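Undergrad: Mind having a look at this structure? Questions to follow.
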Amino acid sequence: MARTQFDRIADHLSIKACDRDRLLYPKRSLTISCPIHLDDGTTAVFQGYRVQHHLTMGPTKGGTRFAPDVEIGEVAALAVWMSWKCALAGLPYGGAKGGIAVDPRRLSRRELEALSRRYMQEMIPFTGPHIDVMAPDMGTDEQVMSWFMDTYSMHHGHTVNEIVTGKPVAAGGTEGRREATGLGVSYLIKRALDRLKIETQGLTAIVQGFGNVGSVTADELHQAGIKVIGVSDRDACYLDPRGFSVPDLLNHVAKHGSLAGYSTESEFHPKELLAQPCDILVPAAVDRVIDGPIAERIQCRILAEAANGPTTPDADLVLEARPEIFVLPDILCNSGGVIVSYFEWVQGLQRLFWKRDEVVQRLYGLLDNAFERVVTMAERDKVSHRTAAMAIGVARVAEAKASRGLFP
Ligand code: NAD
């Protein structure tokens with residue numbers, strides 16, 4: 001998907017064939033094995049990955065995913081998307097991504113800590129605050145980032161809190177990072193509604209995935225007076241046209257760890273959720289959930305891609321022929337996370353910390369800028385929002401590479 005999209009953008013930008021590989025191929029791709037002791041006394045080995053896409057604009061930056069199906073191709077695609085995302089937002093980073101093929105829910109807390117520390121230990125020769133800065137992604141959280149930071153710091157003999165972002169505030173994190181992606185998603189949805197001159201009151205939303213990004217987005221939409229009529233996670237899926245109380249859903253998840261058991265009345269088939277009528281559809285879970293046939297059937301006004309890569313290239317072609325759907329492409333829609341990660345890194349390097357209001361206002365400023373540029377270019381060049389967003393990102397990286405030249 002990342003390659004197909006890149007080829008389309010490179011055609012659109014008329015990038016010469018001989019310059020394309022330099023833009024697309026990752027600079028470094030690393031596979032490691034992470035052995036740990038399990039609680040039952042045996043040893044298990046988990047495969048870990050890190051891909052650093054390009055080093056042209058500064059250090060690389062990207063999340064670390066703990067999920068059973070993580071593999072190097074997926075990590076590389078996510079790293080490439082991160083590059084375009086950072087460039088679109090104007091951040092001084094190349095993209096990176098990493099992960100471990102593991103279901104973190106099957107590990108005890110001690111095993112999870114051992115695996116997190118071992119992963120960072122193996123990465124030490126390839127990471128650093130000016131080389132590669134990690135962040136949370138699916139299956140990792142503030143606690144895992146704290147263990148990463150502690151492991152790196154122990155190795156260096158002093159605290160290096162700018163080595164990761166998404167840490168707890170007490171360990172050098174920034175105010176607003178945990179909720180940044182969801183805040184950004186809901187802010188951009190409101191920007192899109194303004195643009196379309198649609199009032200928020202009485203609108204409906206469906207949110208797939210109720211983890212960090214999905215739950216914050218649902219909560220923000222609920223607070224804005226939008227009815228959340230559909231929610232799902234790995235274990236449960238619910239639909240109720242009367243709308244859910246998002247605070248109740250959040251309490252349930254805080255208590256039970258997932259949406260399972262929240263309701264028996266409104267259970268719904270997960271495969272059909274995305275095709276239900278709503279004003280705002282938010283895939284906030286995994287990639288490739290909207291393929292060609294689903295894209296034909298979705299019935300929303302705004303498609304807010306909170307997850308990375310939720311829409312396949314086939315689906316894109318369908319959506320391009322459905323101009324009634326306003327797409328907020330992933331590299332714009334979920335960029336709040338990396339933007340506030342950037343703020344966290346800057347604050348860590350300076351040892352000067354900002355208040356939450358300052359973080360959020362700066363976040364909205366960068367999102368406004370990116371949103372306007374995407375929408376303006378899409379209208380001017382008569383291309384989709386995704387093409388415009390990626391073209392802005394790719395063009396910026398291409399320009400930086402061209403001006404730096406090729407060493408030696
Ligand atoms: P998370 O682990 O906190 O939550 C993931 C949620 O998705 C969970 O509720 C899980 O049960 C659910 N889920 C998993 N598979 C599902 C499926 N097949 N159907 C329905 N629900 C499913 O992860 P997150 O941090 O919220 O990330 C979600 C997405 O957002 C990912 O694609 C991630 O790459 C992207 N993203 C996250 C951030 C961030 O700051 N956390 C930033 C940018 C993009």
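The values are calculated or read from the model by the stated rules, or taken from the named source; none is laboratory data. Owing to the predicted nature of the structure, the values given are computational and were not obtained by experimental measurement. Cβ placement follows ideal geometry from the backbone for every residue including glycine, while neighbour counts extend to all protein chains displayed. We work out accessible area using only protein heavy atoms, side chains counted, and drop any ligands, DNA or RNA first. Shrake-Rupley method; radii C 1.70, N 1.55, O 1.52, S 1.80 Å.
Undergrad: Please specify each residue of region 171-197 satisfying the condition of being open to solvent by 20 Å² or more (accessible area, probe 1.4 Å), closer than 14 Å to Gln347 by Cβ and more than 16 Å from the ligand (Cβ to nearest atom).
TA: Ala171
Undergrad: Continuing with this model, one more query. For Lys167, which of the numbered conditions (1) open to solvent by 10 Å² or more (accessible area, probe 1.4 Å); (2) modelled with pLDDT of 95 or more; (3) part of a loop (DSSP other than H, G, I, E, B) fails to hold?
TA: Looking at each condition in turn, Lys167 falls short on (1).
Undergrad: Just to be sure, is Lys27 within 19 Å of Ala135 (Cβ to Cβ) and surrounded by fewer than 19 Cβ atoms within 10 Å (Cβ to Cβ)?
TA: yes
Undergrad: Condition (residue is modelled with pLDDT under 95, in contact with a strand residue (DSSP E or B) (Cβ under 8 Å, 6 or more places away or on another chain) and open to solvent by 20 Å² or more (accessible area, probe 1.4 Å)) applied to region 112-129: is it met by at least one residue?
TA: Looking through region 112-129, none of the residues is modelled with pLDDT under 95, in contact with a strand residue (DSSP E or B) (Cβ under 8 Å, 6 or more places away or on another chain) and open to solvent by 20 Å² or more (accessible area, probe 1.4 Å).
Undergrad: Just one of Arg242, Arg234 is in the same structural domain as Pro323 (by TED's automatic domain parsing) and under 18 Å from Glu272 (Cβ atoms); which is it?
TA: Arg234
Undergrad: Hey, another quick one. Please work out which residue is farthest from the ligand (Cβ to nearest atom), limiting yourself to region 199-217 and to residues that are under 19 Å from Ile298 (Cα atoms) and either open to solvent by less than 10 Å² (accessible area, probe 1.4 Å) or assigned to a loop (DSSP other than H, G, I, E, B) (or both).
TA: Leu203
Undergrad: Determine whether region 220-227 contains at least one residue that is at pLDDT 95 or above, within 15 Å of the ligand (Cβ to nearest atom), open to solvent by 20 Å² or more (accessible area, probe 1.4 Å) and not in a strand (DSSP E or B).
TA: Checked region 220-227: at least one residue is at pLDDT 95 or above, within 15 Å of the ligand (Cβ to nearest atom), open to solvent by 20 Å² or more (accessible area, probe 1.4 Å) and not in a strand (DSSP E or B).
Undergrad: Can I ask one more? May I ask you to verify whether Ile331 is closer than 23 Å to Gly63 by Cα and within 16 Å of the ligand (Cβ to nearest atom)?
TA: yes
Undergrad: What do you reckon, is Val286 within 13 Å of the ligand (Cβ to nearest atom), among the β-branched types (Val, Ile, Thr) and open to solvent by 10 Å² or more (accessible area, probe 1.4 Å)?
TA: yes
Undergrad: For region 264-325, list the helices (runs of 4 or more DSSP H) that sit wholly inside it and hold at least 3 residues that are in contact with a helix residue (DSSP H, G or I) (Cβ under 9 Å, 6 or more places away or on another chain), assigned by TED's automatic domain parsing to the domain that holds Cys237 and not aromatic (Phe, Trp, Tyr); which are they?
TA: 292-297, 313-320
Undergrad: For region 289-312, which residues satisfy the criterion of being open to solvent by 10 Å² or more (accessible area, probe 1.4 Å) and closer than 25 Å to Ser83 by Cβ?
TA: Within region 289-312, Val289, Asp291, Asn308, Thr312 qualify.
Undergrad: I've got another one for you. Taking region 320-342, which residues are surrounded by fewer than 22 Cβ atoms within 10 Å (Cβ to Cβ) and touching a residue at least 40 places away in the same chain (Cβ under 8 Å)?
TA: Result: Glu320, Phe326.
Undergrad: Moving on to the next point. Please verify whether region 16-25 includes one or more residues that are acidic (Asp, Glu), touching a residue at least 12 places away in the same chain (Cβ under 8 Å) and within 13 Å of the ligand (Cβ to nearest atom).
TA: no
Undergrad: Leu352 passes all but one of (1) within 16 Å of the ligand (Cβ to nearest atom); (2) of a type in the set (A, V, I, L, M); (3) in a loop (DSSP other than H, G, I, E, B); which number fails?
TA: Of (1) within 16 Å of the ligand (Cβ to nearest atom); (2) of a type in the set (A, V, I, L, M); (3) in a loop (DSSP other than H, G, I, E, B), only one is false for Leu352: (1).
Undergrad: Might you let me know whether region 65-75 holds any residue that is closer than 16 Å to Glu399 by Cβ and surrounded by 15 or more Cβ atoms within 10 Å (Cβ to Cβ)?
TA: No, because not a single residue in region 65-75 is closer than 16 Å to Glu399 by Cβ and surrounded by 15 or more Cβ atoms within 10 Å (Cβ to Cβ).
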